[in-house]
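Quick notes on the structure that follows.
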Amino acid sequence: MHQLISQNIKNPSDLSCKFFSKEKNTEDNTDVLIVSFSGEYPNGSSGKEHGEFIARKAIEGLMSFEAEAIVLDFRKMKYSYGNTLLKVFQDISQFKDAGNNIDEPEFPIIVVTSEKCVKGILTLLTPTNSEENPNWQFNDIHKAINFATKKGKYWLDY
């Protein structure tokens, strides 16, 4: 006979998450999920728990709200470096793009940053010789939502 041992998911105490959506109107029915993180992401391997939390919350939001695009809002999160943050992008891609044909668009992931995190996130996510910011990275949440809406509509209509 097996004894059951209760398991709890440990969430970091210095990082929080909130879910938002954009308003709906008659001209546009594209659902965009905004997952906003605030707090501090520790450097390097000390941030492993935080990266896993971010990935878990993003997938939880996608499962709960069935959006056509996601905006990862890191404006209120301090981040310098740590590879576990890549997990959120890998997990979203695996969850939303698994089984796609090679010609199908990838699920839109848009990132919003601030001075608290932009350098670290761009260093993690862009080639070292790149001199331009990627088209999926914004400092303005409204521009990010507009871009996500456009990309989400394309993804939905494909």
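The values are calculated or read from the model by the stated rules, or taken from the named source; none is laboratory data. Source: prediction; values computed, not measured. Please note: Cβ atoms are built from the backbone with ideal geometry, for glycine as well, and neighbour counts cover all protein chains shown.
Look at Ser93 and say whether it is without any contact (Cβ under 8 Å) to a residue 40 or more places away in the chain, farther than 16 Å from Lys151 by Cα and surrounded by fewer than 19 Cβ atoms within 10 Å (Cβ to Cβ).
No: the conditions fail for Ser93.
Within the bounds of segment 99-106, is there any residue that is in contact with a strand residue (DSSP E or B) (Cβ under 9 Å, 6 or more places away or on another chain) and surrounded by 11 or more Cβ atoms within 10 Å (Cβ to Cβ)? No, the conditions are met nowhere in segment 99-106. For segment 1-34, a residue qualifies if it is within 17 Å of Val88 (Cβ to Cβ) and part of a strand (DSSP E or B), and the qualifying residues are Leu15, Ser16, Cys17, Lys18, Phe19, Phe20, Val32, Leu33, Ile34.
In segment 137-158, the qualifying residues are those that are among the aromatic types (Phe, Trp, Tyr) and in a helix (DSSP H, G or I), and the one that is farthest from the chain's Cα centre (by Cα) is Tyr154. Restricting attention to segment 125-153, the residues being at pLDDT 95 or above and farther than 30 Å from Asn29 by Cβ number 0. Assess whether Glu49 counts as being touching a residue at least 24 places away in the same chain (Cβ under 8 Å), more than 23 Å from Asn135 (Cβ to Cβ), loosely packed, with under 11 Cβ neighbours inside 10 Å and not hydroxyl-bearing (Ser, Thr, Tyr). No; evaluated as a whole, the condition is false for this residue. In segment 93-139, what residues are touching a Lys or Arg at 6+ places or on another chain (Cβ under 8 Å) and among the basic types (Lys, Arg)? Residue satisfying the conditions is Lys116 alone. Checked against (1) crowded, with 21+ Cβ neighbours inside 10 Å; (2) in a strand (DSSP E or B); (3) more than 10 Å from the chain's Cα centre (by Cα), Lys76 meets all criteria but (1). Residues that are surrounded by 14 or more Cβ atoms within 10 Å (Cβ to Cβ), of a type in the set (S, T, N, Q) and at pLDDT 95 or above were ranked within segment 22-46; the one that is farthest from Glu68 (Cα to Cα) is Ser38.
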